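Below is one structure, written out as structure tokens; the observations come after it.
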Amino acid sequence: MDGFRIPIGDWVENVIDWVKDNLEGLLDAIAFVVRFLVDGLTDILVNTPVPIMILIFALIAWLVRSWQLAVGTIISFVLIVGMGAWESAMQTLALVLVSTIVAIAIAIPLGIWSARSSAVRAVLKPVLDFMQTMPAMVYLIPAIVFFSIGVVPGLVATVIFSLPPGVRLTELGIRGVDSETVEAGHAFGATKGQILRGIQLPLAMPTIMAGVNQVIMLALSMAVIAGMAGANGLGKDVVQAISTVDIPLGVEAGLGVVLIAVYLDRVTAALGTPGEYPSSLLGTLARRRAAQRAQRADAAAEAARVHEAAEREKARRTSAI
């Protein structure tokens, strides 16, 4: 068996060389779009005054979850500012958000397609297994070859690594919708698109949002690896700390990643189950609207009772005459 060898690596290298030679225009277009999105979002996050950005983050936390999370958000981001890691944190946040948007835009349609077709599911399952088990750093090799050093290979590797849970949980959510509810939709003459938009997606939303949460967490976990590819942010600070054995820089960058991860995790979890957090601003507004509707319903019922009593009294008097 000494001479036995399957040159899989050579085959992959040939494919990469072919892609570079024949799809250069497509690769340049992808790189341009990625840089435009990441740099644009980074400029917004970095150039907006820090107090305003912190208040926006806190308002989002209060809006979807609770005032307690809003207070924790303010403390967390003030701590990031105090460590001098604000710009790096915003660069990492921009990378994570753009990666998440791209991954979700791919994952949700694939998950819906997989839920509707057993053939697609059979094809996607081993592919997703491969994507999840392949070491994340391996994705950087072709990404750097295609796009050189910078934010683009980091984002591409992040999207590939974070994509599988979005697909799996979208499929799980769609397939988990009660079949009797779907059959009721068919009985009322709804089309497949109407059933998807009006029944399956709303009922599957908690599971889909759990997938979005996992996509964000995996994307954030790739921050350090993206830093190895040259992407700016906290990951690059961690890589620098490792190469120079700078303990303070490494601790501060790592803590910044943790604080952003906790914030994004709590916010996205709340988006998936909005009714479970009564102290959220949205929950408070929803309760007020429900109370107003109940008051209007009670007033209408009382008016109907008064009208009915008046009609009965009128009828009684008429019959007495």
So which of 145, 177 ends up being hydrophobic (A, V, I, L, M, F, W, C), in the same structural domain as residue 196 (by TED's automatic domain parsing), at pLDDT below 85 and not in a loop (DSSP other than H, G, I, E, B)? 145
Please indicate, with yes or no, whether at least one residue in the range 194-215 is closer than 30 Å to residue 121 by Cβ, charged (D, E, K, R) and part of a helix (DSSP H, G or I). yes
Any hit, the range 225-233, residues being surrounded by 14 or more Cβ atoms within 10 Å (Cβ to Cβ), of a type in the set (A, V, I, L, M), within 18 Å of residue 143 (Cβ to Cβ) and out of contact with any Pro (no Cβ under 9 Å at 6 or more places or on another chain): yes
Please count how many residues of the range 240-263 are within 30 Å of residue 107 (Cα to Cα), surrounded by fewer than 22 Cβ atoms within 10 Å (Cβ to Cβ) and β-branched (Val, Ile, Thr). 2
Near pairs, Cβ below 7 angstrom, 6+ apart or cross-chain, from the range 52-65 (assigned by TED's automatic domain parsing to the domain that holds residue 262 and modelled with pLDDT under 90) to any residue that is small (Gly, Ala, Ser) and in a helix (DSSP H, G or I): 61/70; 62/70; 64/270; 65/270
Check 216, 208 and return the single one that is surrounded by 23 or more Cβ atoms within 10 Å (Cβ to Cβ) and within 17 Å of residue 97 (Cβ to Cβ). 216
Being closer than 16 Å to residue 232 by Cα and in contact (Cβ under 8 Å) with a residue 24 or more places away in the chain narrows it down to one of 90, 137, 131, so name that one. 90
Can you name every residue in the range 193-245 that is more than 24 Å from residue 156 (Cβ to Cβ), β-branched (Val, Ile, Thr) and under 20 Å from the mean Cα position of the chain (by Cα)? 207
In the range 41-87, the residues that are farther than 20 Å from residue 262 by Cα, under 19 Å from the mean Cα position of the chain (by Cα) and surrounded by fewer than 18 Cβ atoms within 10 Å (Cβ to Cβ): none
With the structure loaded, tell me whether residue 11 is at pLDDT below 85 and part of a helix (DSSP H, G or I) or whether it fails that test. yes
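The values are calculated or read from the model by the stated rules, or taken from the named source; none is laboratory data. Every value quoted in this text rests on a predicted model; they were computed, and no experiment measured them. Using ideal geometry, Cβ is built from the backbone for each residue, glycine included, and neighbour counts are taken over all protein chains shown.
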